[in-house]
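Comments concern the structure below.
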Amino acid sequence: MFKRKVSFLLTVAIVAALMLGGVAQRARAEDITLKIFLGSVGDIAKDQAAVDRFVKANPGIKVEIVLAPQSATDILGVIQQFLGAKSADIDVIQFDTIWPGILSPNMVDLGPAVKDAKIDTGAFYPALYNNNIVDGKVVGIPWFTDAGLMYYRTDLLKKYGYAKPPATWAELETMAQKIQDGEKATNKDFWGYVWQGNSYEGLTCDALEWQVSNGGGYIVEKDGTISVNNAKAIAAIDRAAKWVGKISPPGVTKYQEEDARNVFQAGNAAFMRNWPYAYVLGNGGADGKTETKIKGMFDVAPLPSGDSGKGAAALGGWQLGVSAYSKHPAEATKLVFFLTGAEEQKTKALVQSNLPTIKALYTDADIAKQIPFIANLVPVFENASPRPSTVTASKYNDVSVAYFTAVHDVLTGKSDAKTAFADLEVSLKQLLGDKFKVGAPATPAK
Ligand code: GLC
């Protein structure tokens, strides 16, 4: 009896141990919860859907999305807090095309895993892939690329007698004014042109487009020449300052991407400068549930040109990388490879009109049919103007903050561009040190 009781207890204990072991094992596997830090601009429900597809395909790994702020400048601040604190709270990080040099020391080198997983790196646009390699270290994989575009209302162009979108900034000014004057009669909220004038990274992009298209160079040239203080750049910024309160709302100096999109999508602007993501949303979103007043009534074109005779689109885009402090670097890397793979990039192009980083997708028939501008504007994307992030590396953000602060001072009437850029040149010299010399733009657009 006693013996039987002992053996019974033993059996119970063994079974319990086995069960617990099993549960513990299962719990351990399930316990892997990756946190991915993702941007919050645009239709983020579609990013959730992509993450859900990964979770479904990878039992035992869960993924939580941690939403970033909207402004790229603020996003960098949050990422630097996580990484500075060596926090294991974030595994995968979505980061901007301008930050590999800043983030590199605190990110996993994905190079070995890229080889092990036999990722076809040759399928990416080389410039986009290589932009993430810092001193031989693969800091991230390009997820989508970006380029500034001119959105315009096709119905209004027709109504006011214009056959084509503006080819030059001067034409844009005339057209925006004429359409605005006409539309304001029945819609007091209507404006000619909306864009990103807030004091943040987005303004660096808009302003770089104005000055490059005017032959004013790249702020700091590829060879390290600090070129921003030149007549063409100054004229381009002064020109934009005149738009504020005239063809653009006074509040445009507080606008980011989503502010501009909201105005345009509500039918309250003739023209908008924005990134490709606004296209699907303007047409009601991939599932037709996004409220829009302009469905089928707009199109996109390259941005207008200034004195250079050519328009310029700022090169943007986002990468995925793994924090050096992740407790699950292998699983995190798996998630990065999944999301940046061709299949997910294709879906992203279709449902969010985000530009792929994989070259073959630009001739993909489904994408060409559903989002025609992606195939139509390939030269614009291939020739987009990079910000000076490679040459200034870890100092890029300081350079950009100094630049957009100077430009914002001009837009808000605190300064004129001549004074602001003379001061900026001094600040940039100080910031960048002796290796960087002041000079003329080395590569004026022709
Ligand atoms: C877009 C671009 C990014 C840029 C940002 C500025 O997200 O992809 O590169 O820095 O806009 O607002």
Exercise for the section: Check whether at least one residue in the range 184-191 is within 30 Å of VAL391 (Cβ to Cβ) and modelled with pLDDT of 95 or more, and report yes or no. Expected result: no
Exercise for the section: Spot the failing condition for SER104; the list is (1) touching a strand residue (DSSP E or B) at 6+ places or on another chain (Cβ under 7 Å); (2) of a type outside the set (Val, Ile, Thr); (3) within 16 Å of the ligand (Cβ to nearest atom), and only one is missed. Expected result: (3)
Exercise for the section: For the range 84-95, indicate whether the set of residues that are within 13 Å of the ligand (Cβ to nearest atom), touching a Phe, Trp or Tyr at 6+ places or on another chain (Cβ under 6 Å) and closer than 23 Å to LYS327 by Cα is non-empty. Expected result: yes
Exercise for the section: Please give the number of the condition ALA332 fails out of (1) closer than 30 Å to PRO166 by Cβ; (2) surrounded by 24 or more Cβ atoms within 10 Å (Cβ to Cβ); (3) more than 16 Å from the ligand (Cβ to nearest atom); (4) not aromatic (Phe, Trp, Tyr). Expected result: (1)
Problem - Restricting the range 133-155 to residues that are over 20 Å from TYR277 (Cβ atoms) and buried (at least 24 other Cβ atoms within 10 Å of the Cβ), the residue that is nearest to the ligand (Cβ to nearest atom) - result: VAL139
Completion exercise
Filter the range 293-318 for residues that are crowded, with 20+ Cβ neighbours inside 10 Å and more than 16 Å from the ligand (Cβ to nearest atom); the one that is farthest from LYS348 (Cα to Cα) is GLY306
Handout entry: Residue list for the range 356-381, filter: in contact (Cβ under 8 Å) with a residue 24 or more places away in the chain and out of contact with any helix residue (DSSP H, G or I) (no Cβ under 7 Å at 6 or more places or on another chain)
Key = LEU377, VAL380, PHE381
Practice task
Mind telling me which of the residues PRO386, PRO379 ends up being loosely packed, with under 15 Cβ neighbours inside 10 Å and under 25 Å from the mean Cα position of the chain (by Cα)?
Solution key: PRO379
Completion exercise
Checked the range 392-421 for anything surrounded by fewer than 21 Cβ atoms within 10 Å (Cβ to Cβ) and in contact with a strand residue (DSSP E or B) (Cβ under 9 Å, 6 or more places away or on another chain); matches are ALA393, THR412, GLY413
Problem - Answer from GLN81, GLN70 - the residue that is of a type outside the set (Lys, Arg), within 19 Å of the chain's Cα centre (by Cα) and either at pLDDT 95 or above or buried (at least 19 other Cβ atoms within 10 Å of the Cβ) (or both) - result: GLN70
Practice task
Considering only residues that are out of contact with any strand residue (DSSP E or B) (no Cβ under 6 Å at 6 or more places or on another chain) and of a type in the set (A, V, I, L, M), look in the range 253-296 and name the one that is nearest to GLY317 (Cα to Cα).
Solution key: ALA278
Fill in the blank from the handout: The lone condition ILE219 fails out of (1) of a type in the set (Val, Ile, Thr); (2) within 16 Å of the ligand (Cβ to nearest atom); (3) out of contact with any Ser or Thr (no Cβ under 8 Å at 6 or more places or on another chain) is (3)
Exercise for the section: Residues being within 15 Å of the ligand (Cβ to nearest atom) and of a type in the set (D, E, K, R): count how many of those fall in the range 244-257. Expected result: 2
Practice task
Could you identify the single residue in ALA236, ALA286, ALA260, ALA241 that is more than 16 Å from the ligand (Cβ to nearest atom) and either over 22 Å from PRO441 (Cβ atoms) or in contact with a Pro (Cβ under 7 Å, 6 or more places away or on another chain) (or both)?
Solution key: ALA286
Practice task
Restrict the check to the range 214-231 and report whether at least one residue is assigned to a helix (DSSP H, G or I) and buried (at least 19 other Cβ atoms within 10 Å of the Cβ).
Solution key: no
Practice task
Could you tell me which of the residues ALA127, ALA123 is free of Cβ contacts under 8 Å to residues at least 24 places away in the same chain and hydrophobic (A, V, I, L, M, F, W, C)?
Solution key: ALA127
Handout entry: Some residue of the range 60-69 being among the basic types (Lys, Arg) and not in a strand (DSSP E or B)
Key = no
Practice task
Would you point out which residue out of PRO372, PRO356, PRO329 is over 30 Å from ALA88 (Cα atoms) and either modelled with pLDDT of 95 or more or more than 19 Å from the chain's Cα centre (by Cα) (or both)?
Solution key: PRO372
Handout entry: Identity of the residue in the range 199-213, hydrophobic (A, V, I, L, M, F, W, C) and more than 12 Å from the ligand (Cβ to nearest atom), that ends up surrounded by the most Cβ atoms within 10 Å (Cβ to Cβ)
Key = VAL212
Handout entry: Single residue of VAL114, VAL78, VAL55 found to be within 16 Å of the ligand (Cβ to nearest atom), assigned to a helix (DSSP H, G or I) and over 20 Å from ALA393 (Cβ atoms)
Key = VAL78
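The values are calculated or read from the model by the stated rules, or taken from the named source; none is laboratory data. These numbers were taken from a predicted model, which means no experiment stands behind them. Neighbour counts are summed over all protein chains in view; Cβ atoms, including those assigned to glycine, are modelled from backbone coordinates with ideal geometry.
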